[in-house]
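Working notes, beginning with the structure itself.
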Amino acid sequence: KYKYAVIIVNKENIWKLAYKIKCLMPAEFKVCFIDTHRVMKCEERNKVISDFRSSNIGALISTDIIVKGINFFPLTLVINFNPPQEHPYDNTKYDIQKYIDRSYMVGKYGRQGTIVTLIEKSEENWLNEIKDIINIECLSE
């Protein structure tokens, strides 16, 4: 059902998550990441985005920077590895607008898609706030 995915992670977790996902995925499923906060040069970042747009990459791991003005077609799956935080390294306050921006990537131009957000038990209050603002279906274990 899903050929391409964008996995969004808070910046302090991107390197760890990128490594884990690359180890778990089969070799034929290409996974790349965009790190705008450390070592990746603009040319490298543009190459990854171009490869993703041309379907050479199945999953793109990025921080919130990916949602700023970048359109991907046809993107039907966004995975939030963790809820967006208001401030880096502060997991007590979450940014609802950033969540909506992340989710909008699959809802542009009347398209439909799936947004998966992984949360911990301590983040349920944040999830209830989101449910009141936007129309989402929540599944739990």
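The values are calculated or read from the model by the stated rules, or taken from the named source; none is laboratory data. Computed from a predicted structure; not experimentally measured. When we count neighbours, we look across all protein chains shown, and the Cβ atoms used for this are built from the backbone with ideal geometry, even at glycine. With ligands, DNA and RNA removed, areas are computed over all heavy atoms of the protein, side chains included. Shrake-Rupley method; radii C 1.70, N 1.55, O 1.52, S 1.80 Å.
Here are some notes:
- A cut-off of 5 Å between modelled amide H atoms, ignoring neighbours fewer than 5 places along the same chain, links residue 82 with 10, 118.
- Radius 13 Å from Cβ of residue 99, net charge of other residues (Lys, Arg +1; Asp, Glu -1): -3
- Amide hydrogen proximity for residue 77: with H placed 1.01 Å from N in the peptide plane, the residues at 5 or more positions away or on another chain lying under 5 Å are 6, 114.
- Per residue, the range 12-51 exposes 71 Å² of solvent-accessible protein surface, assessed with a 1.4 angstrom probe and all protein chains in place.
- Added length on full extension, which subtracts the Cα-Cα distance from 0.36 nm per residue, residue 132 to residue 53: 25.1 nm
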